[in-house]
Amino acid sequence: VDVVASRYNSKYIKNFKYIKNIFIFDKTQNKILDFFNLFLQIKNKKYDYLIVLDGKRRSFLSGIFINSTIKVCFLKDFYPKFLISLFYNKYIKNSETNTQYKNFQILLNYLDIKSPKNINYYKNYNFIKYKIKLRKPYIHLHLDEKWFKDYYFHDFDYMDLNPNSIYIFLESLIKKFKCNIIITQGFKKVNIMNDFKIKYFKNIKDPHIKISKKSVKFIEQSSFRDLENIVLNSKILICCEGAISHVSHSLNKKTIALIQKDRLISTNFWIGHMNNIKTVFRNDIKQVTKDILKLNFV
């Protein structure tokens, strides 16, 4: 399996052992030169299948020049039909009318490949050796920028969080789940989270406190691969729906995900196939807490 990817995504993809070659597309940041460089890298290669997954024009056009017996493209926008019929064997409309999982099933049916009942998404993957000791069992609370106003989509419903309400939220979670809690952040620095840390954690370099005899640890700087390890060892993940909830699904972990009420079609497109996820509508933190406390996990 070879992959064409951006320089950024290649750093993650390389950790899957079944990937043989990764071709970097955006080497020069000049589209014409990048097309030319990609062509030079793959001009002598012949593939059984070429699958364009991201739906981008550059990927669609690049696929035209890649030598493959069968070519399939996922596209949301409409392209000239003659180009698709001339260079591709199958076109799958990548819209929200189907879930993404359903689209992949359509692809497998077209390739006459039986979809397995169970998939180990992290098989042959190199997890990093995480150095921080994690006190099990624990709830993983991922408070990234999606929880906070002015850091994500402007038309989303936000929780009006502040340091005090975050602390009360933690108390409620400990009372319900009777577990330790590990808090992580996203890549964006959120001022409220910094205020929360300063107010409640005496040891700023190693932020951890006790609430109702349970440990609460705040991990500020963590890469996406660090987060994978934290999810892997957690009892339940609580997050806003996004990349990390896909990790928890792939690791078969119970998940509570906050979703936007007026974007249910888009949400279902991404998580409609997930069995271990329970969703809560985005709202003020008091209502979100009530909704989480009502949930039952078997």
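The values are calculated or read from the model by the stated rules, or taken from the named source; none is laboratory data. All values derive from a computational prediction rather than experimental measurement. Cβ placement follows ideal geometry from the backbone for every residue including glycine, while neighbour counts extend to all protein chains displayed. Keep in mind that these areas ignore ligands, DNA and RNA; they rest on the heavy atoms of the full protein, side chains included. Shrake-Rupley method; radii C 1.70, N 1.55, O 1.52, S 1.80 Å.
Of the set (1) under 20 Å from ILE236 (Cβ atoms); (2) open to solvent by less than 30 Å² (accessible area, probe 1.4 Å); (3) not charged (D, E, K, R), all apply to TYR167 but (2).
Residues in the range 35-54 that are charged (D, E, K, R) and under 27 Å from the mean Cα position of the chain (by Cα): ASP54 only. Which residues, taken from the range 177-200, are within 22 Å of the chain's Cα centre (by Cα) and hydrophobic (A, V, I, L, M, F, W, C)? If the condition is that a residue be within 22 Å of the chain's Cα centre (by Cα) and hydrophobic (A, V, I, L, M, F, W, C), then ILE181, ILE182, ILE183, PHE187, VAL190, MET193 are the ones that fit. For ILE285, indicate whether it is within 18 Å of the chain's Cα centre (by Cα), at negative phi and among the aliphatic types (A, V, I, L, M). No; evaluated as a whole, the condition is false for this residue.
Residues of the range 68-107 that are open to solvent by 80 Å² or more (accessible area, probe 1.4 Å), modelled with pLDDT of 80 or more and more than 24 Å from THR267 (Cα to Cα): THR69, PHE82, SER85, LEU86, ASN89. Among the residues of the range 241-294, those that are of a type in the set (A, V, I, L, M, F, W, C), farther than 15 Å from LYS146 by Cα and open to solvent by less than 60 Å² (accessible area, probe 1.4 Å) comprise VAL247, LEU251, PHE269, ILE271, MET274, ILE277, ILE292. If the condition is being open to solvent by 70 Å² or more (accessible area, probe 1.4 Å) and of a type in the set (Lys, Arg), then the range 138-161 contributes only LYS149.
Of TYR110, TYR125, TYR130, all but one fail to be touching an Asp or Glu at 6+ places or on another chain (Cβ under 8 Å), surrounded by 11 or more Cβ atoms within 10 Å (Cβ to Cβ) and in contact (Cβ under 8 Å) with a residue 24 or more places away in the chain; the exception is TYR130.
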